[in-house]
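> I have a structure here, written as structure tokens, and I will follow up with some questions on it.
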Amino acid sequence: MAELIFRTGTMDTGKSTLALQTNHNHAARGRRGRLFTSHDRAGTAMVSSRLGLVADAHEVAPDFDFWRSTVDALTQGARIDYLICDEAQFYTAEQIDQLAKIVDELQIDVFCFGILTDFRTRLFPGSARLVELADRTEVLQVEALCWCGKRATHNARTENGVMVTEGEVIVVGDVDDAAEPVPEVADDVDVAYEVLCRQHHRRGLTAARARAVSLSPEPLPFT
């Protein structure tokens, strides 16, 4: 029986790497699949991992119809055994419903990969619907770590090095430069992301801020 599987984790837990590996494993056994993504950090219509792996994919816009696209392809003679859906948190709830219908009505496996919550610690609509509908939801075993060494559970957004908790939900950035301090004055807003444990996300204490605090001179004692 086909399944709808949701594999989730914070940023930096290897979701896109696993998506590409899953595609490779199935293709190596003669199965035919299609890759989908949305707002990948490497650009439009591609799945990329921080390990340097990249593959072409179909870009999922808000008006994309998974059901119609798949039925049309099958009607034209295409063979589709599975779908790999990366960055699934950015899909609409209706698109997740379409993926579930593909599994149930067409018996095509669907593997979704994505983040559960946004930088405000709120569920993405696509991820919420996946939790509601998926046959299996699996938390990735590769743990991302907060700068303090604890398991990272939250995704933080920084703008010019300062953690923010308000703004547009979808802003593409990466975790590579989030720990580096950014000058206070900049012509453009430099958006980056950092994974934090719950405690430091609540306190807004990023790696750069923690380092700045630790380098600050100790106040003189009162006399």
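> Rounding to the nearest 20 debye, state how big the charge dipole of the chain is about its Cα centre with +1 on each Lys and Arg Cβ and -1 on each Asp and Glu Cβ. Don't skip to the answer; put the middle values down first.
Values: 23 positive and 34 negative charges, 173 e Å.
For this selection, approximately 820 debye.
> Shifting gears a bit: In Å, what is the Rg of the alpha-carbon atoms in segment 1-82, and how long is Dmax?
13.5, 39
> At a temperature of 20 °C and a viscosity of 1.002 mPa s, determine how fast segment 1-143 diffuses translationally according to Stokes-Einstein, using the Kirkwood radius over alpha-carbon pairs as Rh; express D in µm²/s, rounded to the nearest whole number. Numbers along the way, then the final one.
On the way: Rh = 15.0 Å.
The Stokes-Einstein estimate is 143 µm²/s.
> Sticking with this structure for a sec: Protein chains only, probe 1.4 Å: how do Glu3, Glu94 rank by accessible area, largest first? Could the numbers behind the result be given before it?
On the way: Glu3 60, Glu94 115 Å².
If we order Glu3, Glu94 from most to least accessible, we get Glu94, Glu3.
> Could you tell me what a quarter of the Cα convex hull surface of segment 37-91 works out to, in nm² with one decimal place? Before the final figure, lay out the partial values.
Working: hull surface 17.2 nm².
Mean orientational projected area (segment 37-91, Cα hull): 4.3 nm².
> In whole angstrom, how far apart do the alpha carbon centroids of segment 55-79 and segment 119-163 sit?
If we compute the Cα centre of each part, the gap is 28 Å.
> Using a Förster distance of 30 Å, how high is the FRET efficiency between Arg32 and Glu168, based on the Cβ-Cβ distance and rounded to 0.05?
On the way: r = 37 Å, r/R0 = 1.22.
Working from the Cβ atoms, E equals 0.25.
> Using a simple spin-label model with points 7 Å from Cα along the Cα→Cβ vector, what separation in nm is obtained for Asp97 and Arg79?
Going from the Asp97 label point to the Arg79 one covers 3.3 nm.
> On to the next question. Figure the gain on full extension for Thr44 and Asp188 (residue separation times 0.36 nm, minus the Cα-Cα span) and round it to one decimal in nm.
Details: separation 144, 0.36 × 144 = 51.84 nm, distance 2.21 nm.
Taking 0.36 nm per residue and subtracting the Cα distance, the gain is 49.6 nm.
> While we're here: Given a Förster distance of 30 Å, report the FRET efficiency between Met1 and Leu51 from their Cβ-Cβ distance, rounded to the nearest 0.05.
On the way: r = 32 Å, r/R0 = 1.08.
That pair, Met1 with Leu51, gives E of 0.40.
> Report the Cα centroid-to-centroid distance between segment 1-39 and segment 97-114 in angstrom, as an integer.
Answer, in whole Å: 13.
> Ok, one more. Do the sum for the chain: with -39,500 (n - 2.57) for every DSSP H run of n ≥ 4, divided by all residues, what is the mean residue ellipticity at 222 nm, to the nearest 500 deg cm²/dmol? Walk me through the numbers on the way to the answer.
Values: 6 runs with 62 residues, N = 223.
The helix-only estimate for the chain comes to -8500 deg cm²/dmol at 222 nm.
> Order Leu140, Leu123 by their accessible area, 1.4 angstrom probe, all chains in place, largest first.
Details: Leu140 25, Leu123 100 Å².
The residues order as Leu123, Leu140, largest area first.
> In percent, what relative contact order does segment 35-85 have, based on Cα pairs under 8 Å that are 6 or more apart in sequence?
Details: 55 pairs, mean separation 17.6, N = 51.
Relative contact order here is 35 percent.
> Let me ask another. Skip the ligands, DNA and RNA, and give the accessible area per residue of segment 1-68 with a 1.4 Å probe, whole Å².
Numbers: 3500 Å² over 68 residues.
With the other protein chains kept in place, segment 1-68 gives 51 Å² per residue.
> Moving to a separate point now. Would you mind telling me which residue in Leu53, Leu83, Leu18 has the biggest mean-square fluctuation in a Gaussian network model of the chain, where springs connect alpha carbons within a distance under 10 angstrom?
It is Leu53.
> Here is a further query. Using a 1.4 Å probe and ignoring any ligands, DNA or RNA, find the accessible area of Glu168 and quote it in Å² to the nearest 10.
140 Å²
The values are calculated or read from the model by the stated rules, or taken from the named source; none is laboratory data. Only a predicted model underlies this, so the values are computations on that prediction, with no experimental measurement involved. With ideal geometry, Cβ positions are generated from the backbone for all residues, glycine too; neighbour counts draw on all protein chains shown. The protein model used for the area step is the full one, side chains on, heavy atoms only, and it has no ligands, DNA or RNA in it. Shrake-Rupley method; radii C 1.70, N 1.55, O 1.52, S 1.80 Å.
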